[in-house]
Amino acid sequence: MGFLKRVLSVILLFLFPGCAAFAGTAPSADVLLAQGHVDDAISSLQYQISSTPKNAQSHNLLCRAFLVVENWDGGIPACQKAVALEPGSSQYHLWLGRIYGEKASHSSFISAAGLAGKVRHEFETAVRLDPTNVDARADLAEFYVEAPGIVGGGTDKAAVQAREMATQDPPMAHLVQAWIAEKNKDRTAADAEYRAAIETSGGKAGTWLSLAQFYRRTGRLDAMQDALQHALAARKNQYILMSVADVLVRTKLDQPRAVQLLRRYLASETVEEAPAFKAHYLLGTLLERGGDKAAAEQEYRAALSLASSFSPARSALDRLNRQEPQPPSTCGTE
């Protein structure tokens, strides 16, 4: 059997180059996903599922791979399958709710309203299955804050989640209270809650980043940059580099600094929450803004080499090609 498996592996590598991830020495699908090699992760997971279709973890990872490249329709069936295989998993319900939510945020009003009930149901189920799942409580609280009452939203419901989290994760509880204050247009209370989150977390980078994003939304750009500096100084995880760069890209401030941060991140160990292909895309955006179209094109192509279906990078590359016609091919015609 060992010999046959090796022969089959070699055949697969020749017939399907994307199946390199299936070889025994290749990184696992979750590692590929963390590294930003989404195409390879999807190929690997689809192969795993064809061999072991009842592996809920593989379906969940496949869902997350599709989610990160914004392919909601591709990922929803995978998340649904993971939940069907392990209905008692809080995490699988959480991810299904997340992908429903992302699709809703990119859909028409009517479609979004239809999906909102599914989002709420999955988040509420995730919390019910595991009351200690702070990520699920936070996502549910965010839904309650953002969603209108007609689909089950309400800041009073979010406040209940904040109280439940107060002993489990005090910084997150303060962040939820900050979201509620923002929703109620009470900027003073929101600022105080964001700072309480920073204090109770011991000054963690993520809480400083949340404060910076609040200042960006409210137009306090000098305060935003100060908070970003604190986030960078406090960072323990490299993904903060990309998160800070993303804020600078959105505000079009200190673009050289954003380029530097993205290059540092790409030279480090990347994570699923900040995939490498998105860092390449952001870097391409900055380089294009700076007039270096050749370097921008390289970054867009680097993004697509990792995630060929990532449409923002494809659109950016097409835009560059329209602006500067490419020389005729020297490879001949078929």
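What residues have an amide H closer than 5 Å to that of S308, excluding those fewer than 5 places away on the same chain, when H is modeled at 1.01 Å from N in the peptide plane?
Excluding prolines and chain starts, which carry no amide H, the hits are D39.
Going toward the positive end of the dipole of the chain, with +1 on Lys and Arg Cβ and -1 on Asp and Glu Cβ, which of G152, C79, A274 do you reach last?
The Cα lying farthest towards the positive end belongs to A274.
Evaluate E = 1/(1 + (r/R0)^6) for A113 and N184, where r is the Cβ-Cβ distance and R0 equals 22 Å; express this FRET efficiency to the nearest 0.05.
Numbers: r = 23 Å, r/R0 = 1.05.
Between A113 and N184 the formula returns 0.45.
Positive end of the dipole of the chain, charges at C-beta (+1 Lys, Arg; -1 Asp, Glu), about the Cα centre: which of Y100, Q48, V244 has its Cα farthest in that direction?
V244
Take every Cα pair under 8 Å in the range 12-122 that's 6+ residues apart, average their separations, divide by the length, and report that relative contact order as a whole percent. Don't jump to the answer; show the numbers that get you there.
Values: 135 pairs, mean separation 18.1, N = 111.
Relative contact order here is 16 percent.
In the Gaussian network model of the chain, springs joining C-alpha atoms below 10 Å, which of R322, R195, R301 carries the largest mean-square fluctuation?
Highest fluctuation among the options: R322.
Give, rounded to the nearest 20 debye, the magnitude of the charge dipole that the chain has about its Cα centre when Lys and Arg contribute +1 at Cβ and Asp and Glu contribute -1 at Cβ. List each step's numbers first, then the result.
On the way: 35 positive and 36 negative charges, 26 e Å.
Approximately 120 debye in magnitude.
Starting from a Cα-only point model with no solvent, please compute log10 I(q)/I(0) by Debye for the chain at q = 0.08, 0.12, 0.15 1/Å.
Results for the chain at q = 0.08, 0.12, 0.15 Å⁻¹ read -0.45, -1.00, -1.42.
Compute the length gained on full extension between K252 and R314: take 0.36 nm times their separation in residues and subtract their Cα-Cα distance, giving the result in nm to one decimal. Can you show the working numbers first?
Numbers: separation 62, 0.36 × 62 = 22.32 nm, distance 2.19 nm.
Separation in residues times 0.36 nm, less the Cα-Cα distance, equals 20.1 nm.
Two decimals, Cα atoms only, Kirkwood Rh: what is Rg/Rh over the range 110-266? Walk me through the intermediate numbers first.
Values: Rg = 16.6 Å, Rh = 16.5 Å.
Using Cα coordinates only, the ratio equals 1.00.
Computed FRET efficiency, Cβ-Cβ of R217 and V31, R0 56 Å: what is it to the nearest 0.05?
On the way: r = 35 Å, r/R0 = 0.62.
About 0.95, to the nearest 0.05.
Send over the per residue convex hull volume for the range 56-169, Cα only, as a whole number of Å³.
Details: hull volume 10.1 nm³, N = 114.
Per-residue hull volume (Cα only) is 88 Å³.
Per-residue ellipticity at 222 nm for the chain, helices alone: DSSP H runs ≥ 4 residues times -39500 (n - 2.57), over residue total, nearest 500 deg cm²/dmol?
Numbers: 18 runs with 248 residues, N = 334.
It comes out at -24000 deg cm²/dmol, rounded to the nearest 500.
Coordinate-derived values only; no laboratory data. Please read these numbers as outputs of a predicted model, since none were measured by experiment. Every residue, glycine among them, receives a Cβ derived from its backbone with ideal geometry; neighbour counts consider all protein chains shown.
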